[in-house]
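*Asks:* Sending over a structure as structure tokens; questions will come in a sec.
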Amino acid sequence: MAFDVTEWINDKLGSALDEKAIKSIKDFSLVWNIFEDRACNNNPGLSTLGKFVDNISASLDSAEKITTNTFEYFKKKYVDKDKINLRFTFLNLRKSDNRAFVETTLLAENPSLRDKALASLIIISRYRNNLYHALTDMTQIHEQKENFRIANRFLATTLEISGLI
């Protein structure tokens, strides 16, 4: 008999996850690992993310729509009435993530495409850390489906325009 992880989580944690609900999270694990390897040389810190965005900045115009849509998704999620909201604190940004830059960019009226891309990657990297370091409640993980779907598309696009994949 095959071991069903989703069934085990549901049984042990009292959740109601199904494969469809967690597909984007599984996909995120795969896409993030490719991104971290190819774009970050397995060191996805702020400096590395910044260098990656600088390296693709000339190509960002070709990905303007996905970059702007990704950033606007995060802005809508983390900004209410021109102020950073409580949900933003659950990203658990560290000092080394340059929280001030992310906040300033989210609140800016017209940030550059480069800043949109970098702020988005910092947020996505926090999704990764929060998921991999048990800061995400597994019984509620299905509520993160859209976050991971957006992240997956953006990571794939940046990898494609970088020529690294």
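*Asks:* Pick out the one residue from Glu64, Glu109 that is over 16 Å from the mean Cα position of the chain (by Cα) and not in a helix (DSSP H, G or I). Explain how you work it out, then say what you get.
*Replies:* Working: Glu64 fails: not in a helix (DSSP H, G or I).
None of the others qualify; the one that does is Glu109.
*Asks:* Name the single residue, out of those in region 13-34 being of a type in the set (Ser, Thr, Tyr) and surrounded by fewer than 19 Cβ atoms within 10 Å (Cβ to Cβ), that is farthest from Phe154 (Cα to Cα). Steps first, answer last, please.
*Replies:* Going residue by residue through region 13-34, those that are of a type in the set (Ser, Thr, Tyr) are 15, 24, 29.
Narrowing the set further to residues that are surrounded by fewer than 19 Cβ atoms within 10 Å (Cβ to Cβ) leaves 15, 29.
On the way: Ser15: 29, Ser29: 14 Å.
Here the residue is Ser15.
*Asks:* Out of Leu49, Leu30, Leu118, Leu107, which single residue is touching a Cys at 6+ places or on another chain (Cβ under 9 Å), modelled with pLDDT of 95 or more and not hydroxyl-bearing (Ser, Thr, Tyr)? Full working, then the answer.
*Replies:* Working: Leu30 fails: touching a Cys at 6+ places or on another chain (Cβ under 9 Å); Leu118 fails: touching a Cys at 6+ places or on another chain (Cβ under 9 Å); Leu107 fails: touching a Cys at 6+ places or on another chain (Cβ under 9 Å).
Just a single option satisfies the conditions, and that option is Leu49.
*Asks:* Follow-up. Can you name the residue in region 35-71 that is open to solvent by 90 Å² or more (accessible area, probe 1.4 Å) and touching a Leu at 6+ places or on another chain (Cβ under 9 Å) and, of all such residues, is nearest to Asp97 (Cα to Cα)?
*Replies:* Arg38
*Asks:* To continue, here is another question. Can you tell me which of Asp80, Asp115 is more than 30 Å from Asp18 (Cβ to Cβ), surrounded by fewer than 16 Cβ atoms within 10 Å (Cβ to Cβ) and among the charged types (D, E, K, R)? Break it down into steps so the answer makes sense when it comes.
*Replies:* On the way: Asp115 fails: surrounded by fewer than 16 Cβ atoms within 10 Å (Cβ to Cβ).
Of the residues listed, the single one that is more than 30 Å from Asp18 (Cβ to Cβ), surrounded by fewer than 16 Cβ atoms within 10 Å (Cβ to Cβ) and among the charged types (D, E, K, R) is Asp80.
*Asks:* Got a number for residues in region 1-15 being without any contact (Cβ under 8 Å) to a residue 24 or more places away in the chain and assigned to a loop (DSSP other than H, G, I, E, B)? First the steps, then the outcome.
*Replies:* Going through region 1-15, the residues without any contact (Cβ under 8 Å) to a residue 24 or more places away in the chain turn out to be 1-8, 10-12.
Subset that is assigned to a loop (DSSP other than H, G, I, E, B): 1-4.
Count: 4.
*Asks:* Would you please list the contacts, defined by Cβ atoms under 8 Å and residues six or more apart or on different chains, that run from a residue in region 99-116 that is in contact (Cβ under 8 Å) with a residue 60 or more places away in the chain to a residue that is among the aliphatic types (A, V, I, L, M)?
*Replies:* Once the first residue is in contact (Cβ under 8 Å) with a residue 60 or more places away in the chain and sits in region 99-116, its partners that are among the aliphatic types (A, V, I, L, M) give Arg114/Val53; Arg114/Leu60.
*Asks:* A follow-up question, please. Do the conditions hold for Asp97, that is, is it open to solvent by 30 Å² or more (accessible area, probe 1.4 Å) and of a type in the set (Asp, Glu)? Break it down stepwise before answering.
*Replies:* Working: open to solvent by 30 Å² or more (accessible area, probe 1.4 Å): no; of a type in the set (Asp, Glu): yes.
No.
*Asks:* Name the one entry in Ala63, Ala100 that is of a type in the set (A, V, I, L, M) and farther than 21 Å from Phe148 by Cα. Break it down into steps so the answer makes sense when it comes.
*Replies:* Values: Ala63 fails: farther than 21 Å from Phe148 by Cα.
Checking each option against the conditions leaves just Ala100.
*Asks:* Go through region 140-165 and count every residue that is at pLDDT below 95 and open to solvent by less than 30 Å² (accessible area, probe 1.4 Å).
*Replies:* From region 140-165, those at pLDDT below 95 are 140-149, 163-165; that's our starting set.
Imposing the further condition that a residue be open to solvent by less than 30 Å² (accessible area, probe 1.4 Å) reduces the set to 141, 147-148.
Summing the residues that are at pLDDT below 95 and open to solvent by less than 30 Å² (accessible area, probe 1.4 Å) in region 140-165 gives 3.
The values are calculated or read from the model by the stated rules, or taken from the named source; none is laboratory data. Source: prediction; values computed, not measured. Every residue, glycine as well, gets a Cβ built from its backbone with ideal geometry; the counts of neighbours run over all protein chains shown. We work out accessible area using only protein heavy atoms, side chains counted, and drop any ligands, DNA or RNA first. Shrake-Rupley method; radii C 1.70, N 1.55, O 1.52, S 1.80 Å.
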